[in-house]
1. Pull out all pairs, ordered by first then second residue, where Cβ-Cβ is under 7 Å, the residues are six or more apart or on different chains, the first lies in segment 89-109 and is basic (Lys, Arg), and the second is in a helix (DSSP H, G or I).
2. Could you count how many residues in segment 55-78 are assigned to a helix (DSSP H, G or I), closer than 16 Å to Gln6 by Cα and hydroxyl-bearing (Ser, Thr, Tyr)?
3. Report yes if Leu12 is at pLDDT below 95 and buried (at least 19 other Cβ atoms within 10 Å of the Cβ), otherwise no.
4. Quick check, is Gln6 within 15 Å of the chain's Cα centre (by Cα) and either under 22 Å from Leu105 (Cα atoms) or in contact (Cβ under 8 Å) with a residue 24 or more places away in the chain (or both)?
5. Across segment 40-63, what is the number of residues that are of a type in the set (Asp, Glu) and within 16 Å of Asp10 (Cβ to Cβ)?
6. For segment 75-108, enumerate the residues that are closer than 20 Å to Leu48 by Cα, aliphatic (A, V, I, L, M) and touching an Asp or Glu at 6+ places or on another chain (Cβ under 8 Å).
7. What do you reckon, is Leu52 of a type outside the set (Val, Ile, Thr) and assigned to a loop (DSSP other than H, G, I, E, B)?
Amino acid sequence: MNEDLQTLHDTLLAQHQALHDKLGQTTDLALAQTIVTEMQEILHRIDLVQGLLFKQTTSELKESLKKVGVADAQLTAALASAQNAAAIVGGISKFLSVVDQAIDLAKTVAVAK
């Protein structure tokens, strides 16, 4: 199993769980719906990474995954302080843009091998 992609998978699972926890703390219906939508976005990436777990890694992919680590820390901080749907969506969007770059690179490497 590709340890780098396993780490990405674990990161996505942790952020999905963080959103699940946040969902359990809200009584605002609109915010709850936003959180569920963002959970679905992350779940989609979890599914993509699961399909890549046994692919080879490259130094370029390792570097991309380091960026995911930074984005993960930023999202964790953003979710901790998010008080509204816009803040949650903004934090998730920034995080997923970095994740998507890593996934796209992993898919490209997988096809090339």
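The values are calculated or read from the model by the stated rules, or taken from the named source; none is laboratory data. Please read these numbers as outputs of a predicted model, since none were measured by experiment. Backbone-built Cβ (ideal geometry, glycine too); neighbour counts: all protein chains shown.
1. What qualifies is Lys94/Ala71; Lys94/Gln74.
2. Here the count works out to 2.
3. So Leu12 does not fit the description; no.
4. yes
5. Within segment 40-63, residues that are of a type in the set (Asp, Glu) and within 16 Å of Asp10 (Cβ to Cβ) number 1.
6. Ile92, Leu96, Leu105, listed by residue number.
7. In short, yes.
Yes/no per residue for (1) out of contact with any strand residue (DSSP E or B) (no Cβ under 6 Å at 6 or more places or on another chain); (2) closer than 13 Å to Ser97 by Cβ; (3) at pLDDT 95 or above; (4) surrounded by fewer than 16 Cβ atoms within 10 Å (Cβ to Cβ):
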{"position": "Leu43", "(1), (2), (3), (4)": "yes, no, yes, yes"}
{"position": "Val49", "(1), (2), (3), (4)": "yes, no, yes, no"}
{"position": "Phe54", "(1), (2), (3), (4)": "yes, no, no, yes"}
{"position": "Leu61", "(1), (2), (3), (4)": "yes, no, no, no"}
{"position": "Leu65", "(1), (2), (3), (4)": "yes, no, no, no"}
{"position": "Ala71", "(1), (2), (3), (4)": "yes, yes, yes, no"}
{"position": "Leu75", "(1), (2), (3), (4)": "yes, yes, yes, no"}
{"position": "Ala78", "(1), (2), (3), (4)": "yes, no, no, no"}
{"position": "Ser81", "(1), (2), (3), (4)": "yes, no, no, yes"}
